[in-house]
1. Among the residues of the stretch B:159-176, how many are more than 9 Å from chain A (Cβ to nearest Cβ) and in contact with a Leu (Cβ under 9 Å, 6 or more places away or on another chain)?
2. If you scan the stretch B:209-222, which residues turn out to be within 15 Å of A:Leu39 (Cβ to Cβ) and either assigned to a helix (DSSP H, G or I) or more than 7 Å from chain A (Cβ to nearest Cβ) (or both)?
3. Would you check if A:Glu179 is of a type outside the set (Ser, Thr, Tyr), more than 10 Å from chain B (Cβ to nearest Cβ) and more than 20 Å from the chain's Cα centre (by Cα)?
4. Within the stretch A:161-170, track down each residue that is in contact with a helix residue (DSSP H, G or I) (Cβ under 7 Å, 6 or more places away or on another chain) and either exposed (fewer than 14 other Cβ atoms within 10 Å of the Cβ) or aromatic (Phe, Trp, Tyr) (or both).
5. Being without any contact (Cβ under 8 Å) to a residue 60 or more places away in the chain and of a type in the set (D, E, K, R) is the requirement here; does B:Asp226 meet it?
6. If I filter the stretch A:121-130 down to residues being more than 10 Å from every other protein chain (Cβ to nearest Cβ) and not aliphatic (A, V, I, L, M), which single residue comes out as nearest to B:Glu31 (Cα to Cα)?
7. Determine which member of the set B:Asp163, B:Asp168 is out of contact with any strand residue (DSSP E or B) (no Cβ under 8 Å at 6 or more places or on another chain), without any contact (Cβ under 8 Å) to a residue 24 or more places away in the chain, among the acidic types (Asp, Glu) and closer than 30 Å to B:Leu73 by Cβ.
8. Return the pairs, sorted by first residue and then second, in which the second residue is aromatic (Phe, Trp, Tyr), the first residue lies in the stretch A:175-201 and is surrounded by 13 or more Cβ atoms within 10 Å (Cβ to Cβ), the beta carbons are less than 7 Å apart, and the residues are 6+ apart or on different chains.
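The values are calculated or read from the model by the stated rules, or taken from the named source; none is laboratory data. Everything numeric in this text was worked out from a predicted model, so none of it was measured. Virtual Cβ from ideal backbone geometry, glycine too; neighbours counted across all protein chains shown.
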Protein chains: 2
Amino acid sequence: MYDITKRRSIRKYAEREVSDELLHSLLQRAEQTQTMGNLQLYSVVVNRDAEMKRRLAPAHFCQPMVEGAPVVLTFCADYNRCTQWCLNRKAHPGYDNLLSFLNAATDALLYCQTFCHLAEEQGLGLCFLGTTIYNAQQIIDTLQLPKLVMPVATITLGWPDEDAPVSDRLPLQAIIHEESYKPYTTESIDRYYTPKEQLEENRHFVEINGTETLAQIFTDIRYKGDDCRAISQALVDVLRKQNFL
Amino acid sequence: MYDITKRRSIRKYAEREVSDELLHSLLQRAEQTQTMGNLQLYSVVVNRDAEMKRRLAPAHFCQPMVEGAPVVLTFCADYNRCTQWCLNRKAHPGYDNLLSFLNAATDALLYCQTFCHLAEEQGLGLCFLGTTIYNAQQIIDTLQLPKLVMPVATITLGWPDEDAPVSDRLPLQAIIHEESYKPYTTESIDRYYTPKEQLEENRHFVEINGTETLAQIFTDIRYKGDDCRAISQALVDVLRKQNFL
């Protein structure tokens, strides 16, 4: 039986087909996820074609899973279909704004996560690519996404061909707040993060990155402030182009 | 065994406690959800106190589930904890931007949905309140959320005390696109939406709302363009106040 406490991302996939029958069954079952006003403000683009995966790869910084996975799924916030429906039904939609984007993104992400859960229950392995909104314009161009459609999540999917380790997580007390948000203190930050910092894999991670602390890997190498601000600006431009701003 | 095709939102809850032991076990197991760089950019505020639920209710347009549920969970995009950690570790974070907000919101929503799935597997019932970002400032004030924390989802949770119907969904073909996005046509919109429009509950829904079409309920009554634009502006202001813009 599937045990979520053992879940891990899978980046290497076996040479075994993920049938359309299985994929469609999972995508359809996931539709029962809650959705705003039962509008289902999402779409999924399914890529199996090698040439299409090759064209998507650069948007994901050429992470090898994109070309290596039998299936790549791009989950999109989609107000286009709903808007088309409204226009064809004498209704006057007004979903060209940030609220509507966030509502559709929420629908898409909840749907995506139900899909992930159902797929993993079946023994499939997947990797969630957070890079989707970093180079959204490339994805929009490649997948020919119209206005009011914005990619928000990408999943590479296949049968696992690796026994990846389970990642550590913060203790529950670090993420829950009873009744109201309790400010973190120097002491509580130490209590929650020191066990993570002392893990051998994280000490090794610091060593190979040549930083003094684990946190510096994130601020100085992986998600640098200047990069985040520049990508944010590009993201605003893409949201504007897609008519969500 | 839990069958997701039977899932439905639950708005009425039995007078039966949801133990801290069960709640914490579910929240902890959900932590295994994928998260950006293993940073876990989310927090959850747990409300059981009647007075706190009473204060939260107006932000959710006084939907009765908020005061009626034994537990209300507010899932937040949280870059505050990570930033505190960085600052205490000689690292210089730069997460005061839209990209970082969306990264944290994605983490929070994926985590939330795993939690929902695990809770429903246990027989718990829940309702997802999409209203969270409509009146985010009220929630921020009530729950004392600091800068770089933004509420993105609220769940009311308890043991079901109703046998709610399962909602219809669009056929799978309406939401998937093979290889690239295929524009919808008048004919495909009809094919995908007519079965929904012909359901007795939706005909009744149109009748009691006094509209001509089902779509008009959404554009003229529930999610009006002018309202969306006004709320969007308020949302931009809140994101700015929380240092995400």
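1. Qualifying residue count, the stretch B:159-176: 2.
2. Quick first cut of the stretch B:209-222, residues within 15 Å of A:Leu39 (Cβ to Cβ) only: B:213-222.
Within the stretch B:209-222, B:Leu214, B:Ala215, B:Gln216, B:Ile217, B:Phe218, B:Thr219, B:Asp220, B:Ile221, B:Arg222 qualify.
3. Numbers: of a type outside the set (Ser, Thr, Tyr): yes; more than 10 Å from chain B (Cβ to nearest Cβ): no; more than 20 Å from the chain's Cα centre (by Cα): yes.
So A:Glu179 fails the test.
4. If we filter the stretch A:161-170 for residues that are in contact with a helix residue (DSSP H, G or I) (Cβ under 7 Å, 6 or more places away or on another chain), which is where we start, we get A:166-168, A:170.
Passing the criteria: A:Val166, A:Asp168.
5. Details: without any contact (Cβ under 8 Å) to a residue 60 or more places away in the chain: yes; of a type in the set (D, E, K, R): yes.
Against the criterion (without any contact (Cβ under 8 Å) to a residue 60 or more places away in the chain and of a type in the set (D, E, K, R)), B:Asp226 qualifies.
6. A:Gly125
7. Details: B:Asp168 fails: without any contact (Cβ under 8 Å) to a residue 24 or more places away in the chain.
On inspection, the qualifying residue turns out to be B:Asp163.
8. Taking only residues 6 or more apart or on different chains, the pairs are A:Ile175/B:Tyr42; A:Ile189/B:Trp85; A:Tyr193/B:Trp85.
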